[in-house]
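**Q** Handing you a structure now.
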């Protein structure tokens, strides 16, 4: 029995199992990927540079990731999920208070807070584009999920919102496109506008657009 347990968990070194060491290596590469993809860019970053930044050898890189594209996918997914988590945390109190307009404001504020890190914005809005069909598919899936999240909150704000089934995705993507373009421009302009201004402008646009679909 003990031999089986040792085989499954791996040998323990310095108080860490093989799985724990592997996860620690993965986190080091994710951190290195965000830093280098978010500064030098994906195409300009080599596996050797990633290993140097992570303080690990290429042997450990390929134990954790199939290739550089797989690391980009993981870095992008984690960054996007980090932004989504910030939004969910910010809107939770507004849901309890049934403050629907405050919900949109809080969600947008959390979103723009999340992209104040230029490395995250560069990865999520520049480096992810045009890498490969599979990465493009990942980007589309995440954007569609973000659109659906936005529409679910919009429905709480405007209970009478009336969207035909075939319209729903198109409306969601149009709204997300507006927010995404604001995010990219903010990054490219070196964050010149105050965050509060971006939140207010995008909230007004969302409110106006959604009012067009109200059944009232």
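The values are calculated or read from the model by the stated rules, or taken from the named source; none is laboratory data. Fair warning: this is a prediction, and the values are worked out from it, not measured in the lab. Note that each Cβ is placed from the backbone with ideal geometry, even for glycine, and that neighbours are counted across all protein chains shown.
**Q** For segment 79-116, which positions are farther than 15 Å from residue 198 by Cβ and part of a loop (DSSP other than H, G, I, E, B)?
**A** Hits for segment 79-116 are 98, 99.
**Q** Does residue 21 fit the bill of being more than 27 Å from residue 115 (Cα to Cα), part of a helix (DSSP H, G or I), over 22 Å from the mean Cα position of the chain (by Cα) and modelled with pLDDT under 95?
**A** Criteria met by residue 21.
The rows are residues; the columns are (1) more than 15 Å from the chain's Cα centre (by Cα); (2) over 30 Å from residue 103 (Cβ atoms); (3) not in a helix (DSSP H, G or I).
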position: 25; (1), (2), (3): yes, yes, no
position: 28; (1), (2), (3): yes, yes, no
position: 33; (1), (2), (3): no, yes, no
position: 66; (1), (2), (3): yes, yes, yes
position: 77; (1), (2), (3): no, no, no
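**Q** Can you say whether residue 55 is outside the structural domain of residue 204 (by TED's automatic domain parsing) and farther than 30 Å from residue 210 by Cα, as far as the supplied structure shows?
**A** When the stated conditions are applied, residue 55 passes them.
**Q** Could you check, for segment 37-48, whether at least one of its residues is surrounded by 19 or more Cβ atoms within 10 Å (Cβ to Cβ), touching a helix residue (DSSP H, G or I) at 6+ places or on another chain (Cβ under 8 Å), modelled with pLDDT of 95 or more and not in a loop (DSSP other than H, G, I, E, B)?
**A** Yes, that holds for at least one residue.
Condition check ((1) surrounded by fewer than 17 Cβ atoms within 10 Å (Cβ to Cβ); (2) modelled with pLDDT under 95; (3) on the phi > 0 side of the Ramachandran plot) across all residues:
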site	(1), (2), (3)
62	yes, no, no
88	yes, yes, no
94	no, yes, no
123	no, no, no
137	yes, no, no
145	yes, yes, no
151	no, yes, no
160	yes, yes, no
